[in-house]
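Asks: Could you have a look at this structure, given as structure tokens, before my questions?
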Amino acid sequence: KKQQDEPTRLIVMHTNLALYKLGLAGDNLFKYRDGNKAMKSPREILPMRLAGTFFYYQYGKPNYCYRWCMEDMVEYGMNASVLRYFVLSCIMNGETNLARKYNRILASTLFYKSWAKKYQYYIDHPDKVATAPEFANIISLTAYDNILDGDDSMLELYLKNSFAYMGGGTPALVEASLLFNLDMKDIPRFWPRFFLYARTHNRIPVHYQEAALLYQHLEQKVSLDNLPLDRNVVTNFNLFLDYVQKYVQYPEDQIRPFFYNQFGDTFWFYYFFVKDHSTAGLKRTRS
């Protein structure tokens, strides 16, 4: 929230991941700035190289995490970050002998000995992995069908598409799919995930309500009469529509600051005024 200027994509991705993991994304995702500010680096570096292993592990894709650990080790040599994610991805995949091999190296170091000792317990007791909170958080995101595909070094775009096209699964996967479809502004894929979420939860988060109201207004295909929508959200949406009608003839660059001040923390502002940055600056040729 203290970020005053435009954030980089990695700042945005870390923020979105944290909100999702804390269960706050549905109410707070659009309260944080979006952007694609260049990273301060003497040369362009792929986000994949900086944080690919971290994001793949956190989003329940241990095979991709392991793959990029190997890529990084070949390119830059062995280091503690690579070794730790080797260990974690192998634990997640039930490859205890492989995890033990990498963890043994960390156990021989000065600064990562205690880290290695902690995870050696799960290597020695793989039956404890499923009940450990830190692993359960990841396991809930792994209930998908494995397919042979590729990310083309485009970290954010691959994660978006991977989750956006999931049609069901655990509650964690359903919400991840709903959030990524919200992010991608995909109306057809939003509706089935939205109604599945609404049927299985007592409360619908604000941003999901905002999207449903907007999409219903744009398409006039879906009834929201039986859903427990917040009165404040509906009132705010009607106010938004009034302003849209009032300023419809004005150029976007003139009305954008006004709408940001009034509705900058809503999905409606994101839908009309924020462009997709997920492919910006991520060409393989720049790696």
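The values are calculated or read from the model by the stated rules, or taken from the named source; none is laboratory data. Treat the numbers as computed from the prediction; the structure is a model and nothing was measured. Positions of Cβ are backbone-derived with ideal geometry, glycine not excepted, and every protein chain shown enters the neighbour counts. The accessibility values were calculated without ligands, DNA or RNA, using every heavy atom of the protein model including side chains. Shrake-Rupley method; radii C 1.70, N 1.55, O 1.52, S 1.80 Å.
Asks: For the chain, what mean projected area does the convex hull of the alpha carbons give, in nm²? Kindly include the intermediate steps, with their values, before the conclusion.
Replies: Values: hull surface 71.2 nm².
Taking the Cα atoms of the chain, their convex hull projects to 17.8 nm² on average.
Asks: In region 1-96, if every C-alpha pair distance is counted and binned at 10 Å from zero, what percent goes to each bin?
Replies: In order of increasing distance, the bins hold 15, 37, 33, 15, 1 percent.
Asks: Towards the positive end of the charge dipole of region 1-149, with charges on Cβ (+1 Lys, Arg; -1 Asp, Glu), say which of PRO42, PHE30, ASN97 has the farthest Cα.
Replies: PRO42
Asks: Can you work out the accessible area per residue across the chain, with the rest of the protein chains kept in place, probe 1.4 Å, in square angstrom?
Replies: Heavy-atom SASA per residue in the chain reads 54 Å².
Asks: Between ALA107 and GLU252, 0.36 nm times their residue separation minus their Cα-Cα distance comes to what?
Replies: Working: separation 145, 0.36 × 145 = 52.20 nm, distance 5.74 nm.
Here the segment from ALA107 to GLU252 would lengthen by 46.5 nm.
Asks: If you don't mind, there's one more thing I want to ask. When all alpha-carbon pairs of region 105-195 are counted, what percent fall beyond 19 Å?
Replies: Numbers: 2341 of 4095 pairs.
Cα-Cα pairs of region 105-195 separated by over 19 Å account for 57 percent.
Asks: Can you give the direction-averaged projected area of the convex hull of the alpha-carbon atoms in region 158-220, in nm²? Present the calculation step by step, with values, prior to reporting the outcome.
Replies: Working: hull surface 16.0 nm².
Average of the hull's projected areas for region 158-220 equals 4.0 nm².
Asks: Also: How big is the dipole moment of the chain about its Cα centre under a simple scheme where the beta carbon of each Lys and Arg is +1, that of each Asp and Glu is -1, and everything else is neutral? Debye, nearest 20, please.
Replies: Working: 34 positive and 29 negative charges, 180 e Å.
In total the dipole reaches around 860 debye.
Asks: Could you grab the Rg to Rh ratio for region 195-283? Cα atoms only, Kirkwood for Rh.
Replies: On the way: Rg = 15.0 Å, Rh = 14.7 Å.
Using Cα coordinates only, the ratio equals 1.02.
Asks: Can you compute the modelled spin-label distance between ASN261 and LYS2, with each label point 7 Å from Cα toward Cβ, in nm?
Replies: 2.7 nm
Asks: Please report, in Å, the Rg and the Dmax of region 52-208, where both are computed over Cα atoms only.
Replies: 17.6, 53
Asks: Which of these, PRO257, PRO42, PRO228, has the largest mean-square fluctuation under a Gaussian network model of the chain (Cα springs below 10 Å)?
Replies: Ranking PRO257, PRO42, PRO228 by mean-square fluctuation puts PRO42 first.
Asks: Compute the longest continuous run of the chain that contains no exposed chymotrypsin sites (Phe, Trp or Tyr not before Pro); treat a site as exposed when its DSSP state is not H, G, I, E or B and it has at most 13 other Cβ atoms within 10 Å. Don't skip to the answer; put the middle values down first.
Replies: Working: sites that count: PHE111, TYR165.
Excluding the exposed sites themselves, the longest stretch runs over 166-287.
Asks: Another question, if that's okay. Could you pull the Cα extents of region 114-165 along its three principal axes, largest to smallest, in whole Å?
Replies: 35, 22, 18
Asks: Considering only protein heavy atoms and a 1.4 Å probe, what is the carbon-and-sulfur percentage of the accessible area of region 2-133?
Replies: On the way: 3930 of 7120 Å².
Carbon and sulfur: 55 percent of the exposed surface of region 2-133.
Asks: Mind listing which trypsin sites (Lys or Arg not before Pro) in region 14-103 are in a DSSP loop and have 11 or fewer other Cβ atoms within 10 Å? If you can, show how the numbers build up before the last one.
Replies: On the way: sites: LYS21, LYS31, ARG33, LYS37, LYS40, ARG43, ARG49, ARG67, ARG84, ARG100, LYS101; in loops: ARG33, LYS37, LYS40, ARG43.
Passing both the DSSP loop test and the Cβ count: LYS40, ARG43.
Asks: Then there is this: What does the charge dipole of region 1-147 about its Cα centre add up to, to the nearest 20 debye, if the Cβ of each Lys and Arg holds +1 and the Cβ of each Asp and Glu holds -1? Write down the numbers at each step before the final one.
Replies: Working: 20 positive and 13 negative charges, 96 e Å.
Here region 1-147 has a charge dipole of around 460 debye.
Asks: OK, next. Between VAL74 and SER140, what is the spin-label point distance in nm, taking each point 7 Å from the Cα along the Cα→C-beta axis?
Replies: Here the modelled spin labels are 3.6 nm apart.
Asks: Going from most exposed to least, what order do LYS117, LYS275 have by accessible area with a 1.4 Å probe? Provide the component values of the computation, followed by the final result.
Replies: Details: LYS117 165, LYS275 120 Å².
Most to least solvent-accessible, the answer reads LYS117, LYS275.
Asks: Follow-up question, since we're still on this one. Going from most exposed to least, what order do ILE187, ILE45 have by accessible area with a 1.4 Å probe?
Replies: ILE45, ILE187
Asks: With N set to the number of residues, divide the alpha-carbon radius of gyration of region 69-135 by 2.2 N^0.38 Å and report two decimals. Present the calculation step by step, with values, prior to reporting the outcome.
Replies: Details: Rg = 11.6 Å, N = 67, 2.2 N^0.38 = 10.9 Å.
Here the answer is 1.07, to two decimals.
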